[in-house]
Amino acid sequence: MKSLFALIVLCFSTLIATAQQNIFPDINGIWTDANSAAFTNGYLIISQEGEKASMSHYLEFNGIPMVEYGVGTYLGGKVFFDVKVSKPIPGWALTGKHYLTISDDGKTLKGEYEDAKGNRGPLVFKRILK
């Protein structure tokens with residue numbers, strides 16, 4: 001009887017884990033900025049567990065470096081990051097949000113940012129390593 005119960009629990013756990021993978025597509029890995037030529041040497045590193053994700057992002061905008069980090073959550077097929085800038089570009093906001101959707105093939109994150117100053121713009125990242 002104990003073996004049957006253990007088998008049922010194992011099967012149920014496997015079903016839940018499989019369902020979570022389908023609900024929260026894997027975005028773990030290293031991504032590169034693919035938005036415009038003004039953004040170079042841009043790397044986004046994401047660590048994800050289910051609906052929770054953390055990110056660090058280094059980029060250079062017209063040669064000026066910037067570093068930001070954040071935490072995020074999946075909701076409605078999108079991941080939302082609250083970000084803080086630890087190495088700012090002069091005049092740019094120090095906080096904001098990223099709204100991203102993963103492509104069906106899992107190779108692109110696309111969406112937009114909104115910063116604390118009310119600026120909005122496109123974001124595009126291509127996966128380079130899982």
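The values are calculated or read from the model by the stated rules, or taken from the named source; none is laboratory data. Quick caveat: nothing in here was measured; it's all calculated off a predicted structure. Positions of Cβ are generated from backbone atoms using ideal geometry, with glycine treated the same way; all protein chains shown enter the neighbour counts. Just the protein is used for accessible areas: all its heavy atoms, side chains included, with ligands, DNA and RNA removed. Shrake-Rupley method; radii C 1.70, N 1.55, O 1.52, S 1.80 Å.
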Given the criterion at pLDDT 60 or above, farther than 19 Å from I128 by Cα and surrounded by 15 or more Cβ atoms within 10 Å (Cβ to Cβ), identify the matching residue among M66, M55. M66
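Just to be sure before I move on: is I45 hydrophobic (A, V, I, L, M, F, W, C), surrounded by fewer than 17 Cβ atoms within 10 Å (Cβ to Cβ) and within 16 Å of the chain's Cα centre (by Cα) in the structure I sent? Full working, then the answer.
Numbers: hydrophobic (A, V, I, L, M, F, W, C): yes; surrounded by fewer than 17 Cβ atoms within 10 Å (Cβ to Cβ): yes; within 16 Å of the chain's Cα centre (by Cα): yes.
Judged against the criteria, I45 is a match.
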Which residue pairs have Cβ atoms under 8 Å apart, sit 6 or more places apart or on different chains, and have a first residue in segment 66-95 that is touching a residue at least 60 places away in the same chain (Cβ under 8 Å) and assigned to a strand (DSSP E or B) and a second that is surrounded by 14 or more Cβ atoms within 10 Å (Cβ to Cβ) and not aromatic (F, W, Y)? none
Taking only pairs six or more apart or across chains, which ones have beta-carbon atoms under 8 Å, a first residue in segment 51-65 that is among the basic types (K, R), and a second residue that is outside any strand (DSSP E or B) and exposed (fewer than 13 other Cβ atoms within 10 Å of the Cβ)? none
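Scan segment 25-42 for residues that are in a strand (DSSP E or B) and open to solvent by less than 20 Å² (accessible area, probe 1.4 Å) and report the count. So that I can check it myself, show each step before the final result.
From segment 25-42, those in a strand (DSSP E or B) are 29-33, 39-42; that's our starting set.
From what's left, open to solvent by less than 20 Å² (accessible area, probe 1.4 Å): 29, 31, 42.
Total satisfying the criteria: 3.
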Going through segment 18-67 one residue at a time, which ones are among the charged types (D, E, K, R) and more than 15 Å from K87 (Cα to Cα)? D26, D33, E49, E51, K52
Looking at segment 113-130, can you tell me whether even one residue there is over 19 Å from F24 (Cα atoms), among the aromatic types (F, W, Y) and either in a strand (DSSP E or B) or touching a residue at least 60 places away in the same chain (Cβ under 8 Å) (or both)? yes
